[in-house]
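What follows is a single structure, written as structure tokens, with notes after it.
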Amino acid sequence: MSEKKGIPAWVVILIIVIVFVVFSNQTQKTTLVEETIVVNYRSYSRYPFTCSVGATVEFEVGVTNGRPIDIYVVDSDDYGNFVHMMSSQSGSFSSIITKKNTLGSRFDFKASRSDTYYLILNNAGRVEGGATPLGDVSVYVKIIG
């Protein structure tokens, strides 16, 4: 009598379960925002988004009508500093991502800690080396997370 050797059924089932768990735990990307807005002259717009550590968010920003703007991604602390600087015209802030004097950009952001972050579209000026606004701008914004 010959004995058949092969992979036991429980090993095959275990492999199938592992593959299913790995692929089902992959994060699905979702479009969070896709719109064209007007950022008024001497103003800014902001998009808050909450991330856990390690989360990745994709951005596409493009001026569709008007002059260059400044684009920033900041954490919650520096968003407060940015607002203070804009209202008092003094102070400073730090950004995680900076795109000054641009008509658009595509970029990714990976959260280094759990926090509320902000995408800022600045048409107010007031930032050294940044854009010089002369009027309202239309901006296409797409955020995928």
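Every number in this text was worked out from the coordinates using simple rules, so none of it is lab data. What you see is a predicted model; the values in this text were computed from it and never measured. Note: ideal-geometry Cβ built from the backbone for every residue, glycine included; neighbour counts use all protein chains shown.
How far apart, in nanometres, would the label points at T102 and N65 be if each is projected 7 angstrom from Cα along the Cα-to-Cβ direction?
So the label points at T102 and N65 sit 2.3 nm apart.
If you average the sequence gap of Cα pairs under 8 Å that are 6 or more apart and divide by the length of segment 54-112, what percent do you get for the contact order?
55
Per the Cauchy relation, a quarter of the hull surface: what is the mean projected area of the convex hull of the alpha carbons in segment 43-144, in nm²?
Value for segment 43-144: 5.7 nm².
In sequence order, what are the phi-derived ³J(HN,Hα) couplings for segment 51-67 according to the Karplus relation 6.51 cos²θ - 1.76 cosθ + 1.60 with θ = phi - 60°, rounded to whole Hz, with x for glycine and proline?
Taking θ as phi minus 60°, the curve returns 10, 8, 4, x, 5, 10, 10, 9, 10, 9, 10, x, 6, 9, 7, x, 8 Hz for segment 51-67.
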